[in-house]
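Below is one structure, written out as structure tokens; comments come after it.
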Amino acid sequence: MGNLKKRVEEFIRVDHAGERGAVKIYEGQLLALNTLVKDENLKKIIEEMKIHEKEHCEFFEKEIMKRNIKPTKFLPLWDLLGVGLGFGSTLLGKKAAMLCTASVEEVIDEHYQNQINQLGSDEKNLKKKITKFREDELHHKDIAYDKGATKKGLYSIMDKIIKTGSKIAINISEKI
């Protein structure tokens with residue numbers, strides 16, 4: 001039983017870091033859109049997706065406090081990298097900005113499904129929330145592809161880099 005409790009703590013720690021990272025990516029994208037890149041339509045789409053990510057992040061912040069779980073020690077680094085990734089991807093254009101969302105959401109889809117499969121009846125509320133958040137993330141992925149995300153050409157390299165970075169951040173944030 002102790003092992004499952006430890007796993008649940010890891011889930012909450014990593015999900016908190018991931019949702020906060022998503023907020024930071026969108027903040028970076030909005031920074032680019034408010035300064036160097038003018039695309040009001042893209043800005044509106046990103047602002048709407050950011051609202052979901054903030055809701056997700058706030059849920060996990062409450063769980064961290066309620067359950068007395070230490071957040072990952074890497075939060076300041078993830079914040080910086082998230083803003084940088086969001087800003088940089090948006091400077092590369094709309095396709096790159098939307099691919100950033102699609103790539104991250106594809107990793108999160110698998111990550112959340114893995115957690116849902118492991119959570120039992122003793123964690124009904126957590127399982128319900130993660131299931132809902134996964135649906136939100138899949139919706140974001142669909143929006144991203146609808147708005148121009150592509151993996152053609154050099155974008156395939158960007159996709160691999162973002163996915164690899166996301167997986168590394170997940171593995172680190174679960175443990176530290």
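Out of Ile25, Ile64, one residue alone is among the β-branched types (Val, Ile, Thr), touching a residue at least 24 places away in the same chain (Cβ under 8 Å) and under 20 Å from Leu138 (Cα atoms). It is Ile25. Among the residues making up the stretch 23-61, none is in contact with an Asp or Glu (Cβ under 8 Å, 6 or more places away or on another chain) and outside any helix (DSSP H, G or I). Which residues, taken from the stretch 1-40, are of a type in the set (A, V, I, L, M, F, W, C), out of contact with any Phe, Trp or Tyr (no Cβ under 7 Å at 6 or more places or on another chain) and within 23 Å of Gln118 (Cα to Cα)? The answer is Met1, Leu4, Val8, Phe11, Val14. Cβ separations smaller than 6 Å between residues 6+ apart or across chains give the following pairs from the stretch 36-58 residues that are over 19 Å from Asp79 (Cβ atoms) and surrounded by 14 or more Cβ atoms within 10 Å (Cβ to Cβ) to residues that are modelled with pLDDT of 95 or more and of a type in the set (Val, Ile, Thr): Val37/Thr90. The numbered conditions (1) of a type outside the set (A, V, I, L, M); (2) touching a Leu at 6+ places or on another chain (Cβ under 7 Å); (3) over 29 Å from Glu40 (Cβ atoms) are all true for Cys100 except (3). The residues of the stretch 49-87 that are closer than 13 Å to Glu19 by Cα and of a type in the set (Gly, Ala, Ser) amount to a single one, Gly82. Scanning the stretch 166-176 for residues that are surrounded by 12 or more Cβ atoms within 10 Å (Cβ to Cβ) and either touching a Lys or Arg at 6+ places or on another chain (Cβ under 7 Å) or under 29 Å from Glu40 (Cβ atoms) (or both) yields Ser166, Ser173, Glu174.
One residue stands out among those in the stretch 14-30 that are of a type outside the set (Val, Ile, Thr) and in contact with a Lys or Arg (Cβ under 7 Å, 6 or more places away or on another chain): the one that is farthest from Thr131 (Cα to Cα), which is Leu30.
The values are calculated or read from the model by the stated rules, or taken from the named source; none is laboratory data. No experiment lies behind these values; they were computed from the predicted model shown. With ideal geometry, Cβ positions are generated from the backbone for all residues, glycine too; neighbour counts draw on all protein chains shown.
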